[in-house]
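> Okay, here's the structure, questions in a sec.
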Amino acid sequence: MASILLAGFGGQGILFAGKQLVSAGMNAGKEVSWLPSYGPEMRGGTCNCSVNIEDDPVGSPLVTEPDILVAFNKPSYEKFYKSVKKGGRVFIDSSLIDSKCERTDITAEYIPATSLADISGFAKLANVVMLGYIIKKTGLFTKDYFVSCLKASAPKSKPELAELNLKAFEIGYSYDD
Amino acid sequence: MSKMLMKGNEAIAEAAIRAGCKLFFGYPITPQTELSEYMAKQMPKRGGLCLQAESEIAAINMVLGATASGARAITSSSSPGISLKSEGISYIAGSDLPCVIVNVQRGGPGLGGIQPAQSDYNQATKAPGHGDLHLIVLAPASVQEMASLTGLAFDLADQYRMPAMILADGALGQMMEPVDFEERTPRELPEKTWACCGHGNKREHNIINSLYIQPNVLEDIVKERFKRYEEVEKNEVMYEEYMCDDADIVIVAYGITARIAKSAVKEARAMGVKAGLFRCITLYPFPAKELEKLSHKVKRFVSVEMNMGQMVNDVKVATDCRVPVTHCGRTGGVIPTVKEITEEIMRLSAKKEG
């Protein structure tokens with residue numbers, strides 16, 4: 001199905017977003033892998049996460065040529081956009097990245113995920129806003145199915161988190177560019 | 001039971017607990033720490049003990065003490081920490097004690113780096129400590145195998161009274177994949193009549209020791225131990241062949257590199273090159289006989305490793321250098337890409353032999 005690279009700063013929820021995609025893939029019976037960067041860059045520096053959702057067993061867990069790049073900051077965007085496979089997509093948080101993608105052989109999708117989250121009172125949930133937008137644009141999973149996975153991922157002791165995530169997801173899903 | 005999404009490090013910890021291991025002794029180190037973290041959370045809840053020792057050396061000696069009493073015990077670390085444990089590993093082997101040691105390898109030598117590597121192959125298979133000794137060395141290639149081989153490692157260790165090592169790497173430790181802790185069928189194991197667990201004045205006391213001052217006595221004991229190693233070599237070899245039947249070029253690999261190599265084999269096949277993959281699951285015992293057999297029908301072997309070339313020598317010895325055996329890999333914490341391995345296969349296939 002897809003190899004996905006999510007990249008940004010530590011603290012933006014990159015790893016969480018990746019885990020949601022992998023988790024949905026696993027529950028749908030796909031072969032999946034999730035590999036975080038775990039170096040010193042985790043602490044406030046750049047952070048990224050390789051996600052594979054495939055029909056066949058996953059070979060390398062490290063995504064070097066993604067079908068989909070999700071960029072949450074400018075350094076990550078600049079570092080990785082050239083590696084996206086021809087015909088692939090790049091998702092750009094346009095509230096943090098002012099660049100326009102110059103490549104014509106990939107599709108660039110822009111959403112101000114961070115400011116959308118902030119103005120809606122869901123600061124820190126830009127990652128989930130982005131997930132909503134990714135699911136809508138790529139159709140990797142149906143909305144209902146992904147929402148049910150997202151809901152189930154919240155700890156049972158904190159049902160309010162699930163509610164917040166669903167609201168943030170909806171903002172991204174219904175974002176009209 | 002349904003599949004769970006877990007890190008490789010956590011999968012080892014969970015599998016150990018399910019295998020009846022109640023004792024974990026360790027000292028934190030990246031990229032292995034999630035294993036100790038999981039043990040710290042779970043062991044007290046499940047009737048076990050997780051102890052963070054003051055050092056790696058202390059941890060391995062605690063394992064020695066625990067296993068001498070007949071209990072299942074485990075310790076885990078990453079490359080530099082394993083070097084520290086080597087004294088204790090040798091004592092455990094010299095005392096004929098079972099235990100499981102996990103090495104989630106990182107780049108070396110010295111403190112090296114914290115990214116994945118396979119540069120402790122020689123250490124694990126040749127000299128895990130001083131003296132004539134072997135460890136059983138298992139090399140998982142997925143989070144699922146991190147779990148299933150851990151259960152097996154405990155059984156093998158108990159059956160042959162020797163330490164078993166899970167030789168993983170930072171990528172396998174850190175990555176998440178679905179894992180199914182299906183009901184494992186444990187082996188039937190001999191009773192631990194040698195354990196020092198209190199004799200209640202009902203039997204002779206047992207002594208666990210690795211010191212034998214008389215050379216002839218020590219020689220006999222070492223020879224006796226090597227007879228057990230022969231049994232291990234005869235009975236416990238594990239490997240997996242992929243498209244080797246008609247292959248001209250066979251990649252030999254283990255762990256994380258084996259799965260990357262598998263993708264490269266598929267790409268090479270798509271370009272018309274008859275490539276295959278031989279994946280070692282046990283590194284000791286090494287699948288030497290199986291590689292020897294293969295060496296009569298293939299044109300060359302390529303050992304793909306995340307080091308400067310270590311297992312390549314075992315492949316040469318196993319196949320008696322009947323066909324060319326070369327190394328391909330990255331080191332220092334760099335994971336080779338599918339593209340790099342494919343290019344090496346294509347380069348070698350274009351090369352005229354002789």
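Laboratory data are not the source of any read-out in this text; all were calculated from the coordinates shown. Everything numeric in this text was worked out from a predicted model, so none of it was measured. Ideal geometry is used to build each Cβ from the backbone, glycine not excepted, and the neighbour counts take in all protein chains shown.
> Given Cβ point charges of +1 (Lys, Arg) and -1 (Asp, Glu) and nothing else, what value in debye, to the nearest 20, does the dipole of the protein assembly as shown about its Cα centre take? If you can, show how the numbers build up before the last one.
Details: 59 positive and 63 negative charges, 49 e Å.
Using only the charged Cβ atoms, the result is roughly 240 debye.
> Quick one: putting +1 on the C-beta of Lys and Arg, -1 on the C-beta of Asp and Glu, what dipole do you get for chain B around its Cα centre, in Debye to the nearest 20?
On the way: 40 positive and 43 negative charges, 75 e Å.
Here the size comes out at about 360 debye.
> Size of region A:95-150 along its principal axes in angstrom, Cα-based, largest extent first?
Principal extents (largest minus smallest coordinate, Cα): 36, 27, 11 Å.
> Loop-only check: which GluC sites (Glu not before Pro) in region A:85-177 are DSSP coil with at most 11 other Cβ within 10 angstrom? Could the numbers behind the result be given before it?
Working: sites: A:Glu102, A:Glu109, A:Glu160, A:Glu163, A:Glu170; in loops: A:Glu102.
Loop-located and lightly packed - A:Glu102.
> Ranked highest first by the average count of other Cβ atoms within 10 Å around their residues, in what order do A:123-131, B:79-87, A:140-148, B:314-322 fall? Working shown, then result.
Numbers: A:123-131: 24.6, B:79-87: 20.7, A:140-148: 16.1, B:314-322: 17.9.
For the peptides A:123-131, B:79-87, A:140-148, B:314-322, the packing ranking is A:123-131, B:79-87, B:314-322, A:140-148.
> Could you check which residue among B:Ser78, B:Ser55, B:Ser90 shows the biggest mean-square fluctuation in a GNM of chain B with a 10 Å Cα cutoff?
Highest fluctuation among the options: B:Ser55.
> Just the Cα atoms of region B:239-350: what Rg and Dmax do they give in Å?
Spelled out, the Cα radius of gyration and Dmax of region B:239-350 are 12.4, 35 Å.
> Would you mind calculating the relative contact order of chain B from Cα pairs under 8 angstrom and at least 6 residues apart, reporting the percent as a whole number?
Details: 770 pairs, mean separation 61.1, N = 354.
For chain B, the relative contact order is 17 percent.
> Starting from the Cα-Cα distance between B:Cys321 and B:Glu191, subtract it from 0.36 nm times their residue separation and give me the gain in nm to one decimal. Walk me through the numbers on the way to the answer.
Values: separation 130, 0.36 × 130 = 46.80 nm, distance 4.34 nm.
Contour length minus Cα-Cα distance gives 42.5 nm.
> Separate question: Out of the trypsin sites (Lys or Arg not before Pro) in region A:19-93, which ones are loop residues according to DSSP with at most 12 other C-beta atoms within 10 Å?
A:Arg43, A:Lys86
> Right, here's the next one. Mind ordering B:218-229, B:269-280, B:10-21 by average Cβ neighbours within 10 Å, highest first? Before the final figure, lay out the partial values.
Working: B:218-229: 13.3, B:269-280: 19.6, B:10-21: 24.2.
Highest-to-lowest ranking by the protection proxy: B:10-21, B:269-280, B:218-229.
> Shifting gears a bit: If I take the Cα coordinates of the protein assembly as shown and project them onto the principal axes, what are the three extents in Å, biggest first?
Over the protein assembly as shown, Cα extents along the principal axes are 83, 65, 39 Å.
> What pairs in A:Lys85/B:Lys351; A:Lys74/A:Lys100; B:Lys126/B:Lys223; A:Lys19/A:Lys143; A:Lys19/A:Lys124 have C-alpha atoms more than 19 Å from each other?
Details: A:Lys85/B:Lys351 30 Å; A:Lys74/A:Lys100 11 Å; B:Lys126/B:Lys223 17 Å; A:Lys19/A:Lys143 17 Å; A:Lys19/A:Lys124 16 Å.
Exceeds cut-off: A:Lys85/B:Lys351.
> Another question, then. Measure off 7 Å from each Cα along the Cα-to-Cβ vector at A:Ser83 and B:Asn209, then give the distance between these two points in nanometres to one decimal.
Going by the 7 Å Cα→Cβ label model, 5.8 nm.
> So which lysines can B:Lys297 reach, going by Cα to Cα under 16 Å and dropping same-chain residues fewer than 8 places off?
B:Lys274, B:Lys289, B:Lys316
> Now for a separate question. Gap in Å between the Cα centre of region B:45-96 and the Cα centre of region A:84-154?
A separation of 46 Å, based on Cα centres.
> Choose one of B:Ile341, B:Val312, B:Pro324: the residue whose Cα lies farthest towards the positive end of the charge dipole of region B:239-350 (beta-carbon charges +1 Lys, Arg; -1 Asp, Glu; about the Cα centre).
So the residue furthest toward the plus end is B:Ile341.
> Now, a different point. Over region A:2-173, consider all pairs of different Cα atoms and compute the Kirkwood hydrodynamic radius from their mean reciprocal separation; express it in Å, one decimal.
Numbers: mean 1/r = 0.0628 Å⁻¹.
It is 15.9 Å.
> Roughly what % of Cα-Cα distances in region B:97-208 sit above 23 Å, to the whole percent? Walk me through the numbers before you get to the answer.
Details: 2611 of 6216 pairs.
Cα-Cα pairs in region B:97-208 separated by more than 23 Å: 42 percent.
> When ranked by the protection proxy of mean other Cβ atoms within 10 Å per residue, highest first, what sequence do the peptides A:54-63, B:94-103 form?
Values: A:54-63: 19.0, B:94-103: 25.0.
With the highest mean Cβ count within 10 Å placed first, the list reads B:94-103, A:54-63.
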